[in-house]
Amino acid sequence: MDICLFLKERGNEVRVVTSSSGGISGYRRVKGIRIWYCDWPLFFGHPMVRMTDILPHVRWCDIVHTSIYSTALKANLAAFLCGKKCVTTIHEVMNRKWFWFEKNPLKAAAFFIYERLIVFSCPFVHVVSGATASDYRAAGGRCKKPFMIYNYPDLPDRSLMEKEDISFRRYFSLKEGERGILFFGRPAKNKGLFVLLKALSELSEAETASSGVRFCFILAKDPEKEYGKALRIIRNLGVHDHITVKPSLPRLKLLKVLSGADCCVIPSITEGFGYAAAEACALKRDVISSDAGSLKEVVGGRCLFFKNRDAKDLAAKLRAYMKKDIKAFSEVKEKHFDKNRIDRHYMDMYRSLLHEERQ
C-alpha cells in the first residue's frame, strides 16, 4: 500500500485488484486508492485469479505490477495479451527448500515445479534482496537483469510507540534483574520456531535458572496446527518454567514491546528479506540470528549468527548470551533501509520498464 500512496502523491493513477480472502469484498476507496476485492476461490490457501476480473484493469494501465505466487501467471498472461509491461515481485524463491518443509514428496515436487514455471514465465522481475536474486537465478529465472530493491521496515514515529500503555518487562512479568530473549511471529515451518524449541531442549533447567534469562514468545495462532504443536513441545521442555508465551499484539503495541526486549532471536530457515530482523535491528535490539537467506544483508548492530537449521549451534549462542559473554557478539555495520530512497528506486524501475527492454 505504501508504494501505491507514493505513486499517487506524485500524480500517478493507481488501481489495486486483490482477493477478498481477508474478509473485504467489492469496491473500496482507501486513502484515495481505488481497490477491487474479488471473490477468487482458494487453492492450498492461495487465491486463484479470474482473468475476467483483471483484464479491464490491465487494458487501462501502463504497467502491471504483480507478485509471486498465485497472481503471477495470470497477470503476466493478461499483460502479454494487452501489450503491456508486467513486473513481478519475487519475495522469495524456495526452489529445493520445498522438500525441507513438505513431508509429502509429491506435493513438494508440485510446489517446486509450479514455482519454476512462474520463475521462468515472468519476463521482468523485481527481487527484494541479493539472496533472493541468487535463489532466483539458481531456479532458472528468465530475467537476466532483475531489479533489486530492498523492502523496508515501515516503523511509525517513536513518539506514537511510546504512547502505548505496555512494555516488554510488564507484558512478560519479568522480575528485577531478569533478562528476556524474545521470539515473535508466526509458527510457520520456515520461521524456524521448531529449531529454536529444539535448541531450548539442549539447555538444562539449572543453567537457565542461574542465568536469570526468560524465553519470551509472542506467537500468532496461524497456522493453527503448528501453533498447537509448539505449545505441546514447550510444555514438555525441561526449561518450560522459564518460558512465557503471549498472544499476538496490534502493531504499535508489538513494536513497543519489541523496543524493550533485551535480545531477539530470529531462527528463520528461509528469508527473502526478513522484516522481523529488520525491525529488531532498527530498534537497536541485540539479535541472535540464523545465517539463512537474506538475514546477513539485513541484520546489523550487536548480533550473533548461528548456522541455519543447526539447533546445537543455536543452543551454544543462547548459552553465550546467558553467560553474558560479550565477546561472542559481533558488531556488524548497521543497515539503513530508507523509505524515500527505496520508493525512488521503484519509480526508476517503472520508468525503465516504460522506456527500455530489460531482459
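In summary, residue 63 fulfils each of the numbered conditions (1) under 19 Å from residue 136 (Cα atoms); (2) touching a Leu at 6+ places or on another chain (Cβ under 9 Å); (3) surrounded by fewer than 20 Cβ atoms within 10 Å (Cβ to Cβ) with the single exception of condition (1). Whenever a residue of the range 100-113 is within 17 Å of residue 188 (Cβ to Cβ), its partners that are in a helix (DSSP H, G or I), lying with C-beta atoms within less than 6 angstrom and at least six residues away or across chains, give the pairs 101/189; 102/108; 108/98; 108/99; 111/98.
Being buried (at least 17 other Cβ atoms within 10 Å of the Cβ) and acidic (Asp, Glu) is the filter here, so list the residues in the range 106-160 that pass it. Those that are buried (at least 17 other Cβ atoms within 10 Å of the Cβ) and acidic (Asp, Glu): 115, 135. Among the residues of the range 13-37, those identified as aliphatic (A, V, I, L, M) and either loosely packed, with under 15 Cβ neighbours inside 10 Å or in the same structural domain as residue 69 (by TED's automatic domain parsing) (or both) are 24, 30. From the residues in the range 68-87 that are assigned to a helix (DSSP H, G or I) and free of Cβ contacts under 8 Å to residues at least 40 places away in the same chain, which one is surrounded by the fewest Cβ atoms within 10 Å (Cβ to Cβ)? This residue is 81.
Taking helices (runs of 4 or more DSSP H) that do not extend beyond the range 217-296, which have at least 2 residues that are buried (at least 20 other Cβ atoms within 10 Å of the Cβ)?
Details: elements: 224-236, 251-259, 275-282.
The helices (runs of 4 or more DSSP H) meeting that bar are 251-259, 275-282.
If you check residue 313 against the conditions, is it touching a Phe, Trp or Tyr at 6+ places or on another chain (Cβ under 8 Å), under 16 Å from residue 274 (Cβ atoms) and in the same structural domain as residue 273 (by TED's automatic domain parsing)? So residue 313 does not fit the description; no. Within the range 310-331, take every residue that is more than 21 Å from residue 214 (Cα to Cα) and surrounded by fewer than 16 Cβ atoms within 10 Å (Cβ to Cβ) and give me the one that is modelled with the lowest pLDDT. This residue is 327. Within the range 1-12, restricting attention to residues that are touching a residue at least 40 places away in the same chain (Cβ under 8 Å) and charged (D, E, K, R), the residue that is surrounded by the most Cβ atoms within 10 Å (Cβ to Cβ) is 2.
The values are calculated or read from the model by the stated rules, or taken from the named source; none is laboratory data. The shown structure was predicted, so the numbers you read here are calculated from the model rather than taken from an experiment. In this analysis, Cβ positions are derived from the backbone assuming ideal geometry, glycine residues included, and neighbour counts consider all displayed protein chains.
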